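K.L.:
Input: one structure, supplied below.
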Amino acid sequence: MKTLIFFSFAFILCFFKANSAPDPVLTYYGKSVRTGVECYPIMRLLNKVGYDSIGFIFPAALSNKTCPVGVAFTSQTEGAGHSLIITPVNPKKGVIRLSTDVNIKFSDTNICHESNVWRLKYDKAMKQYVVMMGGVEGNPGPETLDNWFKFEKAADGYYKLVFCPSVCSYCKTMCGDIGTAIDNNGVSRLVLGGEPLSFGF
């Protein structure tokens, strides 16, 4: 009888653990990052030689053109950088959680008057996939695969941004961490791969 009760209790624990929600993304103050609420990311960049720099992200023009707009990193720590609004695949959920598809966008407008939603797009000049603006918010499915990202826990205690959308069960997608790489103009751009980049809020 005791054995039966023990296995029943163990089964219940495993069931609840398997069906529990992923951990929330937390700020430095231990509060959950909320859906649709502005948050200010602080970035940590660790390059191949171990140089650690703190900075912010901001919209940046590509090449010598004003538009379109990409997402870049700066190690200058003056000000608070540009705020973000993060929305999960189910916008009714009030908290941003790990391993969950999210849209990310800058909260302010841009000079190109295009969508502030981030997306992944191939850059011919850099010969790699880069994070740009102009994405579509919501509408999860095969048409919007490039617009979905995930936060995962990083080894340094911060969070890393991952591109590995799961909004389409039958689609073949590439996966990888979002890092930085220097473009032809010396701008540190957010790219798929590159130097490891961590997010804090």
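K.L.:
With 20 Å as the limit, write out which pairs from LYS121/LYS172; LYS124/LYS160; LYS127/LYS153 have Cα-Cα distances beyond it, or answer none.
P.N.:
Result: LYS124/LYS160; LYS127/LYS153 exceed 20 Å.
K.L.:
Please sort 86-99, 162-175 by packing, taking for each peptide the average over its residues of neighbouring beta carbons within 10 angstrom, highest first. Before the final figure, lay out each step's value.
P.N.:
Details: 86-99: 15.7, 162-175: 13.5.
For the peptides 86-99, 162-175, the packing ranking is 86-99, 162-175.
K.L.:
Apply 1/(1 + (r/R0)^6) to the Cβ-Cβ distance of THR173 and TYR29, taking R0 = 30 Å, and write down the FRET efficiency to the nearest 0.05. Don't jump to the answer; show the numbers that get you there.
P.N.:
Working: r = 34 Å, r/R0 = 1.14.
The pair THR173/TYR29 has a calculated efficiency of 0.30.
K.L.:
Going highest first, how would you order 151-160, 185-194 by mean Cβ packing within 10 Å? Present the calculation step by step, with values, prior to reporting the outcome.
P.N.:
Values: 151-160: 16.0, 185-194: 18.4.
Order by mean packing, descending: 185-194, 151-160.
K.L.:
Once the other residues with Cβ under 9 Å from the Cβ of ASP23 are scored (Lys, Arg +1; Asp, Glu -1), what is the net sum? Show your work: numbers first, answer last.
P.N.:
Numbers: positive: ARG97, LYS153; negative: none.
Once all neighbours under 9 Å are counted, the net charge is +2.
Every read-out reported here was derived from the displayed coordinates using simple, explicitly stated rules and does not represent laboratory data. Here the structure is a predicted model, which is why all the values come from computation and not from measurement. All Cβ positions, even for glycine, are placed from backbone atoms using ideal geometry, and neighbour counts span all protein chains on display.
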